Structures are given as C-alpha cells and as structure tokens.
Amino acid sequence: PVGITALIFGGLLGVSSNGPPYFLFFSCGMTTWILFERSLLVVTRSLERNRKLVTKVYFPRLILPLSSVAPGLLYLAILLIVIMLTVIYYRRQDGLWYITLRPELLTAVAAVLLTLVFTLSVGLWTSVLQARYPDVRQGIRYIMPFWMYFTPIIYPVTIIPVPYRWLMALNPMATIVEVFKWGTLGYGHLTPRSIGFSLTMTAITMVSGIWFFNREEAASIDKL
C-alpha cells in the first residue's frame, strides 16, 4: 500500500515533497501514522478480545490497553527497514545520504513515543465504547482514511494556504508526523505554537481518557 500510494500521488499526480525524493518523504510520513492506525485498532478491541479473562479474574483493566499498543511496533519495524533500504538506494543513485546519524534523530524517537501515548489516549475511549457498541471498530476503519488526508503525509504542509494552516494544528498527529520527518529527513514545518498545541491536546486526551476508562470500564465489561 505504501508503494502504490506513493506511485499514484508522487508519480502520476506529481505531488511535490519540497526536497527529498517523494517515496522517502511519504514513507517517513507513514511511519508514525501506521503505528497510530494499527495500534489504535488493536487497543480498541483490547477489552472485547479478553472478555473471558476480564469477566472471571479481577486485575487492573488498564493493563489491557497498555499491552495492546505493542503489536503496532511490528509495523513500525517494517517501515523503518523500508526507509533504510530506500536511503541506501538513493545513496547509490544520487550519491546523497538523505538520513544521517545526527542529534536530530532523537526527535524522531520522541515522535514515536508521542505516537504511542496519543494512541493509548484515544484507545482508552474507544476500547470502552467498543465493549458497549461492537460496531465502533468499523466506524474507526472508515474514519482513519479521512483522518490521514488531514495529516501531512501525502503532501507537505507548505502547499496549504497560510490562512488555513491553523486547522492543521487541531490534529495532534499532524505535528507528530512533522516532527518525525524533521528528525529523519530534516524537512518539516514546525512552530512552537503547533508543538505546544499538539502536546496540550495529547495531554487532555490522556487525562480525560484515563478518567473515562476508570469510570465506565466496569459497566462496559458487564455488557460483554
């Protein structure tokens, strides 16, 4: 899917990356997004999939969403391998290392950690709702493609008219993706305002998610 999407938008439609090769630009954008998307789907079903366990044995139910984030790391590893191979390919073709060992790579690691935190924050809401309404996960599958188009993965932020860029700040994943691209490729449109807003939104989602999960998980488990 990554290769096909890159071919359509970067090759056929000619979407510019404003710097690095489009496939590398797109792969770096998809890395944190795939981690978020795949992990959220697993976290959402964490209570439902363990219904026999949670209805027979008492333990802190918050463990289930926390442990369900781990499978998404497999997708992260696969995409990182793809990025490494792509970097080697362009090194041989263009004679350039588009990703090098430098301190900025630590911000890419921070972006991955923030992705996991935000995934868990949203998953605390969706896991409880999934236990009550089994079609929640199907709704998420429909929402995620639209959410991705509102995240600067396929296109750079710079193509968005300046008066409308503030809308991008309402999406915490937009800043996370930009941080990862900046840490790896050195390209990314970041402002203190967007970073601060993303961290604030993530913190609010986490705190409210913990509150909602602790308040509703017992009643939701009774409906499993």
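The values are calculated or read from the model by the stated rules, or taken from the named source; none is laboratory data. Every value quoted in this text rests on a predicted model; they were computed, and no experiment measured them. No Cβ is skipped: glycine too gets one built from the backbone with ideal geometry, and neighbour counts run over all protein chains shown. Quick note on the areas: whole protein, heavy atoms, side chains included, nothing else; ligands and nucleic acids left out. Shrake-Rupley method; radii C 1.70, N 1.55, O 1.52, S 1.80 Å.
Each row is one residue, and each column tells you yes or no for (1) on the phi < 0 side of the Ramachandran plot; (2) touching a Gly at 6+ places or on another chain (Cβ under 6 Å); (3) without any contact (Cβ under 8 Å) to a residue 24 or more places away in the chain.
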residue: Ser16; (1), (2), (3): yes, no, no
residue: Gly19; (1), (2), (3): no, no, no
residue: Cys28; (1), (2), (3): yes, no, no
residue: Thr31; (1), (2), (3): yes, no, no
residue: Glu37; (1), (2), (3): yes, no, no
residue: Leu41; (1), (2), (3): yes, no, no
residue: Glu48; (1), (2), (3): yes, no, no
residue: Lys52; (1), (2), (3): yes, no, yes
Of those in region 162-193 that are among the small types (Gly, Ala, Ser) and modelled with pLDDT under 85, the residue nearest to Thr107 (Cα to Cα) is Gly188
So how many residues does region 44-63 have that are within 26 Å of the chain's Cα centre (by Cα) and either crowded, with 18+ Cβ neighbours inside 10 Å or closer than 22 Å to Asp135 by Cα (or both)?
9
Residue check, Phe180 over 17 Å from Ile153 (Cα atoms) and either surrounded by 19 or more Cβ atoms within 10 Å (Cβ to Cβ) or of a type in the set (Phe, Trp, Tyr) (or both):
no
Of the conditions (1) surrounded by 13 or more Cβ atoms within 10 Å (Cβ to Cβ); (2) modelled with pLDDT of 75 or more, Ile8 fails just one. Which one is it?
(1)
Check Leu120, Leu167, Leu199 and return the single one that is under 20 Å from the mean Cα position of the chain (by Cα), in a helix (DSSP H, G or I) and under 25 Å from Arg51 (Cβ atoms).
Leu120
Among residues of region 78-101, those that are farther than 19 Å from Val2 by Cβ and touching a helix residue (DSSP H, G or I) at 6+ places or on another chain (Cβ under 8 Å), counted:
2
Single match in Leu66, Leu101, Leu106, Leu85 (criterion: open to solvent by 80 Å² or more (accessible area, probe 1.4 Å), part of a loop (DSSP other than H, G, I, E, B) and among the hydrophobic types (A, V, I, L, M, F, W, C))
Leu101
Of the numbered conditions (1) within 21 Å of Leu64 (Cα to Cα); (2) in a helix (DSSP H, G or I); (3) open to solvent by 50 Å² or more (accessible area, probe 1.4 Å); (4) touching a residue at least 40 places away in the same chain (Cβ under 8 Å), Pro134 fails exactly one; give the number of that condition.
(2)
Unique match (being open to solvent by less than 90 Å² (accessible area, probe 1.4 Å), at pLDDT below 85 and not hydrophobic (A, V, I, L, M, F, W, C)) among Thr158, Thr205:
Thr158
Give just the number: which of (1) under 14 Å from the mean Cα position of the chain (by Cα); (2) not in a helix (DSSP H, G or I) does Ile140 not satisfy?
(2)
